[in-house]
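Asker: Here it is, the structure, as structure tokens.
The values are calculated or read from the model by the stated rules, or taken from the named source; none is laboratory data. What you are looking at is a predicted structure, and each value in this text was computed from that prediction instead of being measured. Neighbour counts are summed over all protein chains in view; Cβ atoms, including those assigned to glycine, are modelled from backbone coordinates with ideal geometry.
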Amino acid sequence: MPLLETRALNKRFGGLHVTNNVDLVLETGEVHCLIGPNGAGKSTLFRLILGEHLPSSGSILFGGEDITAFKSFQRIRRGMSVKFQVPGIFKALSVRQNLEIAMQHHYEPATLAEEIDRLLAFLNLSGDARRLAGNLSHGQKQWLEIGMAISLKPRLLLLDEPTAGMSPEETHATGEMIKRLNADGMTVLAVEHDMAFVRQVADKVTVLHLGKVFAQGSIDDIVADEEVAAIYLGQTTAHATAHQQPGGLHA
Ligand SMILES: Nc1ncnc2c1ncn2[C@@H]1O[C@H](COP(=O)(O)OP(=O)(O)OP(=O)(O)O)[C@@H](O)[C@H]1O
């Protein structure tokens with residue numbers, strides 16, 4: 001059974017049709033990347049899945065349950081978790097304290113410290129536990145945020161451009177983290193521009209364009225698809241040209 005399914009999902013903002021009949025199927029245990037030119041509707045689709053926007057029509061199923069009308073906290077309670085692009089960490093608190101806040105109500109006091117130690121090691125932050133979160137490097141802040149997002153062991157992890165602003169080394173390390181989480185059973189949906197990262201982690205790629213599913217397949221299928229290349233080069237519509245992507249499709 002798919003873990004997540006959107007069926008004929010639509011979202012309009014006034015006259016703007018931002019999500020257009022999107023059918024997205026996320027199988028349990030896969031890493032699925034969502035790509036597409038700027039303005040394609042990736043963030044909006046994320047917010048619909050998370051319940052931050054309600055769709056104009058269509059439905060969303062999570063673990064076979066219709067969650068279309070559920071509030072975000074109800075979705076989170078059922079096992080969704082998200083890491084947005086802008087870090088939501090507490091900069092004036094230590095790295096460990098940040099994780100304590102995320103985890104304290106969900107673990108027995110006796111096991112909390114041990115769980116945090118394990119998570120710090122996973123995040124490559126064991127040596128930084130006492131540092132103020134605000135003093136971490138950009139990449140480390142993103143990792144701490146990933147740590148907070150995975151601290152409650154979600155079934156579905158949603159990542160919005162997890163490697164934005166990272167060096168190639170940090171990007172690669174982030175990809176390895178995601179692969180390890182996936183190997184332990186976590187299903188992941190990531191919006192991502194970095195094609196090297198997509199190649200590193202994705203089992204499946206969905207390309208959104210002008211709010212619609214434009215193409216779907218393995219990374220090799222997508223990179224070989226000339227129509228997909230064309231939307232990245234801005235050759236199919238004025239919209240794509242206006243929002244031309246830095247970097248492009250090929251990693
Ligand atoms: N709350 C909103 N009200 C009105 N229009 C919106 C709203 N949110 C998004 N849009 C519009 O919807 C379109 C898609 O935006 P969205 O942010 O989902 O695209 P994206 O693919 O995530 O782009 P990017 O890669 O730049 O983040 C854009 O034209 C945007 O201006």
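Asker: Identify all residues within the stretch 14-43 that are at pLDDT 95 or above, of a type outside the set (A, V, I, L, M) and at negative phi; write none if there are none.
Answerer: His17, Thr19, Asn20, Asp23, Glu27, Thr28, Glu30, His32, Cys33, listed by residue number.
Asker: Give me the residue from the stretch 51-90 that is hydrophobic (A, V, I, L, M, F, W, C) and within 22 Å of Asp194 (Cβ to Cβ) and, out of that set, farthest from the ligand (Cβ to nearest atom).
Answerer: Out of the qualifying residues, it is Ile89.
Asker: Would you point out the residue of the stretch 33-48, among those that are more than 8 Å from the ligand (Cβ to nearest atom) and more than 10 Å from the chain's Cα centre (by Cα), that is surrounded by the fewest Cβ atoms within 10 Å (Cβ to Cβ)?
Answerer: Leu48
Asker: Give the residues of the stretch 8-32 that are of a type in the set (A, V, I, L, M), crowded, with 17+ Cβ neighbours inside 10 Å and over 30 Å from Arg180 (Cβ atoms), sorted by residue number.
Answerer: Across the stretch 8-32, the qualifying residues are Leu9, Val18.
Asker: Please enumerate the residues belonging to the stretch 75-96 that are at pLDDT 95 or above, buried (at least 18 other Cβ atoms within 10 Å of the Cβ) and more than 12 Å from the chain's Cα centre (by Cα).
Answerer: Selection gives Arg75, Val95, Arg96.
Asker: Still on this structure, please answer the following. Could you tell me how many of the residues in the stretch 181-224 are of a type in the set (S, T, N, Q) and farther than 30 Å from Arg12 by Cβ?
Answerer: Result for the stretch 181-224: 3.
Asker: Sticking with this structure for a sec: Within 27 Å of Leu3 (Cβ to Cβ) and either out of contact with any Pro (no Cβ under 8 Å at 6 or more places or on another chain) or part of a loop (DSSP other than H, G, I, E, B) (or both): does that describe Gly127?
Answerer: It is false that Gly127 is within 27 Å of Leu3 (Cβ to Cβ) and either out of contact with any Pro (no Cβ under 8 Å at 6 or more places or on another chain) or part of a loop (DSSP other than H, G, I, E, B) (or both).
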